[in-house]
Amino acid sequence: MIKQVKDILGGWLENFEKFTVDVIYGQREGRYINVYKCLLMGVSKIFSIIVQIRFFLYKTRILHDQHLGCLVVVVGNLTVGGTGKTPVVEIFARHLAERGRTVAILSRGYKSKNEHLLKKLWRMISHGKPPPPKIVSDGRRLILDSEMAGDEPYMLAKNLPGVIVIVDKNRVKAGIFAIKNYGVDTLILDDGFQYLALKEQLNLLLIDKTNPFGNYHLLPRGILREPVKHIKRATYIFVTKSNGKTDSELEDIIHRHKPDVEIIECAHRPHYLQEVNGEERLELSALQGKSVGAISGIADPKSFESFLNDNGAQIKHNQRFLDHHRFSPRELKEFFEHALEDNLDMVVTTEKDAVRIPSNHITKIPFYYLRLEIEILSGVSDFDEAVSRICFPKKKMPATRTPFPN
């Protein structure tokens, strides 16, 4: 009974979230929709005030950030979802580890399974110690699955042997834990642009060229986590999902807020198809002329579907879920039944979605995920040069704080 209630409530909340996303992106119209937009705008104004107060408290040193005595690289964005942080985190961690650094990735583990609420309340009442950070990988082996770790931390740990991956909302605690237990000398904060409690040395801000700032409103009326003027806090800017063409309007906005910032343009490129829960790997040419089913639960499914189309696939059956959606056995069963009825050649998902597919899931249709990697288009010749310039400058970087916006 309890499980049924949870399923009903979860389904209702997901449908409501989908509805709200449609409203934000202007895909719903009507009198009542306009009322809802006004309600969202009111909440957005309150959220904006809270954001500004928080930055003021750190700027005036009423709240203090903490320096942990090692290289800290922050990778993040101004908006929610879809800028392609994970591949950038992965390639920076790989290059730094190859250069002899002991690297730990710190993530908050969005939508990972957390401490039960009742247990948390009892711990607070009884003054018990908070649980230690969750170790996704100790650099030698995977310790947690995607449900416990979160999608991105698990994916990073799986792809980065030799790199420690730790999950905790308190990144200061996680950083101290990594330094003490693993002797790390480099911390990479995944999705850490809004995390102000840890003093950063390098702030890498990612901006999605296809949708830089949404409708310029803060959450929940728009997709901004903080105002556009906070570009000023970036040390370097990566413009992702670029087509290689100059966008003078976007560059003007960036340079208006930080005139001297270096902009590096990059694109996400599909590299191959990898069997889900298997070893088979196919060239992208295997998509040519094939009837394909596409299933995804990511922030920007259009780009994933475009990759399939651009490589000659014919998408005959397509299903989109919300970002980080954990597929139920029923949803997968229904999708693959439709795929069988349509005589599809294969089903393709994203790498991030693949980590949420149960390891015991059996299909009668070939099932692959699309592996994407980052390619530099301008600003530097390749990522090795980017890592050298950003993390190993010729002159020692002064130990100054990144300026807070006025």
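Things worth noting here:
- Some residue of segment 316-334 being assigned to a loop (DSSP other than H, G, I, E, B), within 29 Å of residue 22 (Cβ to Cβ) and among the charged types (D, E, K, R): yes
- Any hit, segment 337-353, residues being of a type in the set (Lys, Arg), in a helix (DSSP H, G or I), in contact (Cβ under 8 Å) with a residue 40 or more places away in the chain and closer than 24 Å to residue 111 by Cβ: yes
- Residue within segment 356-377 that is outside any strand (DSSP E or B), touching a strand residue (DSSP E or B) at 6+ places or on another chain (Cβ under 6 Å), under 26 Å from residue 84 (Cβ atoms) and not assigned by TED's automatic domain parsing to the domain that holds residue 242 present: no
- Some residue of segment 326-335 being more than 20 Å from residue 145 (Cα to Cα), surrounded by 16 or more Cβ atoms within 10 Å (Cβ to Cβ) and of a type in the set (A, V, I, L, M): no
- Top-ranked residue of segment 254-278 - restricted to ones that are out of contact with any strand residue (DSSP E or B) (no Cβ under 9 Å at 6 or more places or on another chain) and modelled with pLDDT of 95 or more, ranked as surrounded by the most Cβ atoms within 10 Å (Cβ to Cβ): 257
- Residues (free of Cβ contacts under 8 Å to residues at least 12 places away in the same chain and either in contact with a helix residue (DSSP H, G or I) (Cβ under 7 Å, 6 or more places away or on another chain) or farther than 25 Å from residue 374 by Cα (or both)) located in segment 189-246: none
- Output for segment 28-43, where each listed residue is outside any helix (DSSP H, G or I) and surrounded by 12 or more Cβ atoms within 10 Å (Cβ to Cβ): 28
- Hits in segment 136-152 (condition: under 14 Å from residue 103 (Cα atoms) and buried (at least 24 other Cβ atoms within 10 Å of the Cβ)): 136, 137
- In the condition set (1) part of a helix (DSSP H, G or I); (2) crowded, with 20+ Cβ neighbours inside 10 Å; (3) outside the structural domain of residue 386 (by TED's automatic domain parsing), residue 231 is compliant with all but (3).
- None of 188, 166 is part of a strand (DSSP E or B), closer than 27 Å to residue 326 by Cβ and more than 14 Å from the chain's Cα centre (by Cα) except 166.
- Residue, nearest to the chain's Cα centre (by Cα), within segment 247-299, restricted to residues that are part of a helix (DSSP H, G or I) and within 21 Å of residue 311 (Cα to Cα): 284
- For segment 307-325, filtered to residues that are in contact with a helix residue (DSSP H, G or I) (Cβ under 7 Å, 6 or more places away or on another chain) and in contact (Cβ under 8 Å) with a residue 60 or more places away in the chain, the residue that is surrounded by the fewest Cβ atoms within 10 Å (Cβ to Cβ) is 322.
- Failed condition for residue 330, given (1) among the basic types (Lys, Arg); (2) under 29 Å from residue 157 (Cα atoms); (3) touching a residue at least 24 places away in the same chain (Cβ under 8 Å): (3)
- Only one of 216, 236, 195 that is of a type in the set (Ser, Thr, Tyr) and either assigned by TED's automatic domain parsing to the domain that holds residue 27 or within 30 Å of residue 36 (Cβ to Cβ) (or both): 216
- Sole residue being of a type in the set (A, V, I, L, M), out of contact with any Ser or Thr (no Cβ under 7 Å at 6 or more places or on another chain) and surrounded by 17 or more Cβ atoms within 10 Å (Cβ to Cβ), chosen from 74, 103: 74
- Cβ-Cβ contacts under 9 Å between residues 6 or more apart (or on different chains), taken from a first residue in segment 358-387 that is of a type in the set (Lys, Arg) to a second residue that is outside any strand (DSSP E or B) and surrounded by 18 or more Cβ atoms within 10 Å (Cβ to Cβ), are listed as 364/336; 364/339; 371/351.
The values are calculated or read from the model by the stated rules, or taken from the named source; none is laboratory data. For clarity, every value in this text was computed on a predicted model and none was experimentally measured. All Cβ positions, glycine included, derive from the backbone under ideal geometry; neighbour counts span all protein chains shown.
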